[in-house]
1. Pick out the one residue from 53, 19, 37 that is without any contact (Cβ under 8 Å) to a residue 24 or more places away in the chain and touching a helix residue (DSSP H, G or I) at 6+ places or on another chain (Cβ under 8 Å).
2. Being surrounded by 14 or more Cβ atoms within 10 Å (Cβ to Cβ), in contact with a helix residue (DSSP H, G or I) (Cβ under 6 Å, 6 or more places away or on another chain) and free of Cβ contacts under 8 Å to residues at least 40 places away in the same chain narrows it down to one of 76, 92, so name that one.
3. Can you give me the ranges of the helices (runs of 4 or more DSSP H) entirely in the stretch 42-132 with at least 1 residues that are over 25 Å from residue 32 (Cα atoms)?
4. Can you confirm whether residue 71 is surrounded by fewer than 16 Cβ atoms within 10 Å (Cβ to Cβ) and in contact with a helix residue (DSSP H, G or I) (Cβ under 9 Å, 6 or more places away or on another chain)?
5. What residue, among those in the stretch 100-111 that are surrounded by fewer than 17 Cβ atoms within 10 Å (Cβ to Cβ) and more than 15 Å from the chain's Cα centre (by Cα), is nearest to residue 55 (Cα to Cα)?
6. Can you name every residue in the stretch 9-30 that is at pLDDT below 90 and either over 11 Å from residue 101 (Cβ atoms) or loosely packed, with under 13 Cβ neighbours inside 10 Å (or both)?
7. Checking the conditions here, which among 95, 33 is more than 30 Å from residue 132 (Cβ to Cβ) and modelled with pLDDT under 95?
């Protein structure tokens, strides 16, 4: 039980750090968009790629809502497997997004970080919610 009780705050803190970094990228996405464009880009190209990055960031925020909803409802709060997966994924995302932000990586890299570090734990969270609410299984 000691592992689970220490996993809950770690999971919450890594999700929160990932969320704060995503919000920060929302505010300063200009440099990341410009890093992925050629030197002589048009305003249309910039607007298109900026909109793509905004969509990716918005999807990430939606996945946060799903995961935090399952976490705060108690469905997955004490599930050890989901706790480990979520903690590892969000810690990795936090580190990768800090590099994305400070090193001004190309905006295409964000989609890889989104797929690996946000979609995977959210899908597992959805499956746990279906198991608990739909199939009436007890949360672990």
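1. The match here is 37.
2. That would be 92, the only listed residue that is surrounded by 14 or more Cβ atoms within 10 Å (Cβ to Cβ), in contact with a helix residue (DSSP H, G or I) (Cβ under 6 Å, 6 or more places away or on another chain) and free of Cβ contacts under 8 Å to residues at least 40 places away in the same chain.
3. 43-73, 80-102, 120-129
4. no
5. By that ranking, first place goes to 108.
6. Listed by number, the residues that qualify are 28, 30.
7. Result of the check over 95, 33: 33.
The values are calculated or read from the model by the stated rules, or taken from the named source; none is laboratory data. Note that the coordinates shown come from a computational prediction; the quantities given were computed from them, not determined experimentally. So basically every Cβ, Gly included, is an ideal-geometry build from the backbone, and we count neighbours across all protein chains shown.
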